[in-house]
Each structure stands twice: as C-alpha cells, then as structure tokens.
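> Sharing a structure below in structure tokens format, with a few things to ask.
The values are calculated or read from the model by the stated rules, or taken from the named source; none is laboratory data. As the structure is a computational prediction, the values presented were derived from the model and not from experiment. Note that each Cβ is placed from the backbone with ideal geometry, even for glycine, and that neighbours are counted across all protein chains shown. For accessibility, only protein heavy atoms count, side chains too; no ligands or nucleic acids. Shrake-Rupley method; radii C 1.70, N 1.55, O 1.52, S 1.80 Å.
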Amino acid sequence: MRATSRDETDVLVIGAGAGGAAVSKRLSDGGIRVICLEQGDWVNPMERPHMYDSWELERVRSWDWRGNVRQAPEDYPVTGNAAPMMMSGVGGATLLYAGAWPRFKPVDFRKGTEHGVEGTIDWPISYEELEPFYTINDAELAVARRVGDPGNPPRPDGWGPATKGGSLGNLVGAGFNKLGWHWWPADNAILTHDREARLACNDCGFCLSGCTRGSIASADVTYWPRALNNGVDLRTNARVERINVRAGKATGATYIDRLSGQRHEITAKIVVMAANAIGTPRLLLMSAQAGHPDGLANSNGMVGRHLMFHSWAADDFWFDRPLEGFKGVETAVAYSQQFYNTDSSRGFVNGFSLQVGTSLGAANSALGTNTGRRAPWGKDHRDYFANHFGRHALIQVQGEDLPVATNRVTLDRDVVDSSGLPAPHVHYEVHDNDRRLVEWGRTKALEAAHAAGNVVDTATTGVRGLSEPAPGWHIMGTCRMGNTPEDSVTNKWNQTWDVPNLFITDASSLTTGAAVNPTSTLQAVAVRAAEYIKHRFTDIVSQSVTPGNADAPTM
Ligand SMILES: Cc1cc2nc3c(=O)[nH]c(=O)nc-3n(C[C@H](O)[C@H](O)[C@H](O)COP(=O)(O)OP(=O)(O)OC[C@H]3O[C@@H](n4cnc5c(N)ncnc54)[C@H](O)[C@@H]3O)c2cc1C
C-alpha cells in the first residue's frame, strides 16, 4: 500500500523502550535530528492495579505481563513455545521492570574463550571498553547502590544509598556470611532521594505494576523527558512495518498509524532498531525485499538466532521469625555471585547469581507467592497464614543460558497483529547444560537459606522452561554483535555488517546474556553506539567507512 505522507530526519529510531530511549536522548544531546516511532502510547502506571485493597488480586486477574494474554491492540501476538513478557508503550518493558541493576562482569565478555560451548563467542568489546558508558547511563537514571562490592570492578557512588534490605536482607546476608560466600546489597535503578520530578521510593512494594512516583527508572521518566526537551520527534501508535533500502543503504521506514490506519514513510540518513529481541528480528525478517530476500542484515542467516532468556528457578523459604519482606522494593535486595564463573567440575559451563528478592503481599501470599504454593482454605487457613505471611524470603537462581542457534525467532504468517502484520514465532528449548546449572544452583539456594535461619517450609518452581509463564522477562541475543561478518549480525559499534547505516541498539545485540539482569548493559551499549554515530555521522552517511571492528578515531 502507498504511504500517505513523507517526512525526513537524520536518524530514525524504531521502538521507544530501554535501548531506543537511551539512543534517542544521546543522539539529540549532540544536535542530531531524531524521529522515534513507537507502536504503543504513553502509559500511566495508575492504569494498572495500584493503591486499593484488591490491587494484588486485580494484578493477577485483570492484567498480565505477557502481551499474548493481554492482547491489547498495541501488542503483537507471539506464537511458538514461549510466553515472553513485554510491554508496548513509551518506555517499553521498563514500564514493568523491577529496576534490578547489576552490571555484567569482565568474564562475561570472554565466554567464547572461557568455554566456547554451542558456538558461544567472545564479545567484540571488553568490560573496560564499556565501563564509561555504564557510568554515563547510571548517572542518567540515578542508580542507588552501596559501593565496595568485592566481587565486581569498582562502580561509582553519587546517586544515593542502596535501597533498604530490611530484616530479610540482614537474615540472608548473615547466611551468606556464615558460609563465607560472596554477597552484596543489590544496585537498583530506584531513587532513594528525590530527583527533579521523580520522587524517592516510599517502600510501597508495587514495583512490577509500574511505579506511580517515578522512583523506578523506567525510560518514560528518565530518558524521554530530556529527549523531548532536546527536540526528539516521538510518534506514538506508530507501528513500523518495513525498513526501506535502496542500493544497499537503509533509506528509512514505512509505518502504520494504528489509530487512523494510514501508512506514512520516513526517510532517514541512518536507521536504528530498538524494538527488542523479538520485535527487532521480526521487523528485519518482515523487511525482505529486492537484494535482501531473507530479510535485512541476514545474509548469513543469523537474524533471530541465539535467543536467550536466562535459565532460572525460584525458591520460596519460610522462616520461624517475622521478616516483613513485603515492605520495600519488589526486586533484588541482595545477590551472591559465589558461583558465577565456569567450573567444569560441576558438570556444566557458565554460572549463576543467587538473587534474594522481597515477598509479595497478603493476597499473593495466599495465592502462591512466587512458586504456586497456595494457602489451604478452610480451618487450616489461619494457621498457615500466621506461620507463612511476613516470614518469607525468595531466592532465585538466575543462570546464564547458552546462546543456542536453534533457539530463535522466525515469522509466523498464519497469525497477524491488529495491523495485519505477521506474528513472530519463538522456539526455545532449555539446554541440558542450563538445566544442570539451575538444578545445582538450587542446592546452593537451599544451603544459603538453611545457613540464614530456621527454615520451616519451602516450595520451588523447579527449572523453568519458557512454555510456562516465567521466566521470559529478559529477552536477549537475537541479533548479536560479534567479531566477523560470519559470526554475528552487527559489529562492535552495533552497525549491521550488511547495511552500514542500519544499527541495532536493544537487547538483541547482546552477544551473551551473563547471569544478571540485562538492562544496565543494553543501555550502556546503546549509549556507546550513539556516541559512535554522533562521532562518525558524516562517514556513516557517505559510506566512506564500511562496517568493521577497527577503533573509531579519538572515541
Ligand atoms: C516483569 C519484568 C521485570 C523486569 N525486571 C527487570 C529488572 O529488574 N532489571 C533489568 O535489568 N531488566 C528487567 N526486565 C527486562 C527489561 O525490561 C528489558 O531488558 C528491557 O526493557 C529491554 O529493552 P529493549 O530496548 O530491548 O526493548 P523494550 O524495552 O521492550 O522496548 C521495545 C519497544 O519497541 C516497540 N516496538 C516493537 N515493535 C515495534 C514496531 N514494529 N514498530 C514500532 N515500535 C515497536 C515496543 O512497543 C517497545 O516499546 C524486566 C522485564 C519484565 C517484563
């Protein structure tokens, strides 16, 4: 169908989530004209269950983190065997996230050398190269942390103390100490004092419904206000259906205004994809055209492959004393990375973090907290509740899953979204290595809990695959950056090997997934890519630089 209007810009960014927000703001700081297209709209967190007696029940019954279950017109369906949690709106999945803010460790950038299993490759950059961009990004978000973690390179202070761990953090921390294991209070992208229009966390515990105070650093309250102030043209309800290419160069994109149904065309000197690790490969595959029969940037067949989600299990522990874990941030309180590095004598490669999380409120506790353990109804209910509610700690095993080529996103032309565009199809199998890793990790979670105190009851999810509701909130790796045009989709500057003025700056560009939450790393990578684009704008546009991994002069 023909487009009804045309616009022109320097850089077109697709997707207004974590990666798209960071890149739009950073480019516009440098005076570059940016248009960003987002299929969703602005979202007010109060639209989701909050602040009334039945909010927890409403969150379970009338709302869902999975687009497939919500089926809002701005979402797209995902077929296959996974149940990814995503959000379509200004801020993307950060509108739902918990703000846990660990960084990848130096070893994460060298996994090809460390073990190379299933074709795992080294990143084309090191932790040290990325470190300045982590720091820039942390300052934009005002990350709360306690400095001095002995298990990680130094991270800067300056944006407030760590969020409170409370009695729960103290108990589990004492357990780790007893065992002599590494542990540290978690970094969180959650304000512990006011900053501009954002208010400090008041410990209300509603984090995963979206924060009504702006305490959690979702992209709508951090990057977007400043990007708009810089003059970025953010268009909402704008669903991109195709990246356009002429003579090997991206010329812009065609989008559908979801409200009017009309098509528009944007011409741009550079196109940046940030539609997440399912949306970006979907759009690249949908953009097959003359000269690119298998989709854009896909001459080596790598687009959509190496999907990662983190291998995972959650364990609930109930102790013989009150811990009040329902107060405070609904996320990581502390973590242990004692078993982070590969030790093949354990029978698997890679490692895991033990993430200590807070508890849910009364309704969720009765309905099964994290692992599905329900309070009995009838005469035993009161006793169960008295012995469980407020006495609970969550320990999650968050493992690094292997980047397996057959775990991938393809197109399903039999199912379409509300604009008639084909759905992505996800195929993901838990690798035996990852299953062994999580099973072993669970024994360590158990050991930590027993060292911490008198455990009176336990429940577990066991190793979770993606046909179940969780995990599926960390979606990574489907357009990985790498070292050669054969092993990856982009070079170390997030520039696709095939189309030199096409960049990818969301979680799909992560080469490996590490054993920690990914957003601090994907945003640091996005900020770095924006610096490169700013620095070499004329060369990229004139194509006097072909994609390679040479260092940019004076970067
Ligand atoms: C419940 C939950 C809890 C989480 N907790 C944490 C946490 O504590 N710490 C952490 O680090 N991470 C967490 N995450 C993950 C984090 O939210 C993601 O890593 C991050 O948002 C991914 O960023 P992205 O840029 O790749 O994509 P997104 O943030 O998902 O943004 C992609 C955007 O692109 C838009 N889009 C897609 N297709 C199109 C199209 N065709 N046209 C126009 N727009 C399009 C989408 O609507 C979306 O807004 C959590 C996620 C969930 C769901």
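> So the check is Cβ under 7 Å with 6+ separation or different chains; which pairs have a first residue in the range 347-359 that's at negative phi and in contact (Cβ under 8 Å) with a residue 40 or more places away in the chain and a second one that's assigned to a strand (DSSP E or B) and aromatic (F, W, Y)?
Sorted first by the residue in the range 347-359, then by its partner, the pairs are S353/Y335; L354/Y335; Q355/Y335; V356/Y335.
> Which of (1) more than 10 Å from the ligand (Cβ to nearest atom); (2) within 30 Å of E131 (Cβ to Cβ); (3) open to solvent by less than 10 Å² (accessible area, probe 1.4 Å) does E114 not meet, given it meets every other one?
Condition (3) is where E114 drops out.
> May I pose another question? Need pairs with beta-carbon distance below 7 Å; first residue touching a residue at least 24 places away in the same chain (Cβ under 8 Å) and of a type in the set (S, T, N, Q) and within the range 37-64, second assigned to a loop (DSSP other than H, G, I, E, B) and open to solvent by 20 Å² or more (accessible area, probe 1.4 Å); sequence gap 6+ or separate chains.
As it stands, the answer is Q39/E74; Q39/R258, since those pairs meet every condition given.
To keep it simple, each residue is scored yes or no on (1) touching a Lys or Arg at 6+ places or on another chain (Cβ under 7 Å); (2) surrounded by 24 or more Cβ atoms within 10 Å (Cβ to Cβ).
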{"position": "V430", "(1), (2)": "no, no"}
{"position": "W440", "(1), (2)": "yes, no"}
{"position": "A451", "(1), (2)": "yes, no"}
{"position": "T460", "(1), (2)": "yes, no"}
{"position": "H474", "(1), (2)": "no, yes"}
{"position": "M481", "(1), (2)": "yes, yes"}
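> Could you identify the single residue in A449, A423 that is farther than 23 Å from W181 by Cα, modelled with pLDDT of 95 or more, of a type in the set (A, V, I, L, M) and not in a loop (DSSP other than H, G, I, E, B)?
A423
> Read through the list (1) within 13 Å of the ligand (Cβ to nearest atom); (2) touching a Pro at 6+ places or on another chain (Cβ under 7 Å), then give the number of the only condition that P422 fails.
Here P422 meets the rest and fails (2).
> Given the structure, is F104 touching a residue at least 24 places away in the same chain (Cβ under 8 Å) and open to solvent by less than 10 Å² (accessible area, probe 1.4 Å)?
In short, yes.
> Can you find even one residue in the range 61-83 that is assigned to a loop (DSSP other than H, G, I, E, B), of a type in the set (G, A, S) and under 29 Å from P154 (Cα atoms)?
Among the residues of the range 61-83, not one is assigned to a loop (DSSP other than H, G, I, E, B), of a type in the set (G, A, S) and under 29 Å from P154 (Cα atoms), which makes the answer no.
One line per residue, one yes/no per condition, for (1) more than 16 Å from the ligand (Cβ to nearest atom); (2) small (G, A, S); (3) open to solvent by 30 Å² or more (accessible area, probe 1.4 Å):
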position	(1), (2), (3)
A507	no, yes, no
L510	no, no, no
A515	no, yes, no
T521	no, no, no
K534	yes, no, yes
D539	yes, no, yes
T546	yes, no, yes
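> Specify which of the listed residues (D41, D64) is under 25 Å from T519 (Cβ atoms), surrounded by fewer than 20 Cβ atoms within 10 Å (Cβ to Cβ) and under 19 Å from the mean Cα position of the chain (by Cα).
D64
> Of all residues in the range 113-160 being in contact with a strand residue (DSSP E or B) (Cβ under 6 Å, 6 or more places away or on another chain) and without any contact (Cβ under 8 Å) to a residue 60 or more places away in the chain, which is farthest from T192 (Cα to Cα)?
The extreme case among them is D149.
> Take the residues in the range 273-290 that are within 12 Å of the ligand (Cβ to nearest atom) and not hydrophobic (A, V, I, L, M, F, W, C), then tell me which one is most open to solvent (accessible area, probe 1.4 Å).
Checking each candidate, the answer is N276.
> Please go through (1) under 17 Å from D401 (Cβ atoms); (2) touching a Pro at 6+ places or on another chain (Cβ under 8 Å) for A334 and return the number of the only condition it doesn't satisfy.
Here A334 meets the rest and fails (1).
> Suppose we keep only residues that are closer than 18 Å to G420 by Cα and within 11 Å of the ligand (Cβ to nearest atom) within the range 51-72. Which one would you say is modelled with the highest pLDDT?
A72
> Mind listing whichever residues of the range 33-43 are away from the ligand (no atom under 11 Å from the Cβ) and not in a loop (DSSP other than H, G, I, E, B)?
V34, I35
> Taking N137 as the residue in question, decide whether it is within 21 Å of T331 (Cα to Cα) and part of a loop (DSSP other than H, G, I, E, B).
no
Yes or no, residue by residue, for (1) surrounded by 16 or more Cβ atoms within 10 Å (Cβ to Cβ); (2) within 23 Å of the chain's Cα centre (by Cα); (3) near the ligand (Cβ under 10 Å from one of its atoms):
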| residue | (1), (2), (3) |
| --- | --- |
| A16 | yes, yes, yes |
| A21 | yes, yes, yes |
| L27 | yes, yes, no |
| G30 | no, no, no |
| P45 | yes, yes, no |
| P49 | yes, yes, no |
| E74 | yes, yes, yes |
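> Still on this structure, I have one more. Restricting to the range 497-555, name every residue that is of a type in the set (S, T, N, Q), in a loop (DSSP other than H, G, I, E, B) and within 16 Å of G482 (Cα to Cα).
T505, T511, T512, T546, N549
> Let me spell it out: the conditions are (1) open to solvent by 30 Å² or more (accessible area, probe 1.4 Å); (2) more than 30 Å from P485 (Cα to Cα), and A144 meets all of them except one. Which number is the exception?
(1)
Each row is one residue, and each column tells you yes or no for (1) open to solvent by 10 Å² or more (accessible area, probe 1.4 Å); (2) modelled with pLDDT of 90 or more; (3) touching a strand residue (DSSP E or B) at 6+ places or on another chain (Cβ under 6 Å).
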residue	(1), (2), (3)
S353	no, yes, yes
V356	no, yes, yes
S365	yes, no, no
G368	no, no, no
P376	yes, yes, no
D380	yes, yes, no
D383	yes, yes, no
A386	yes, yes, no
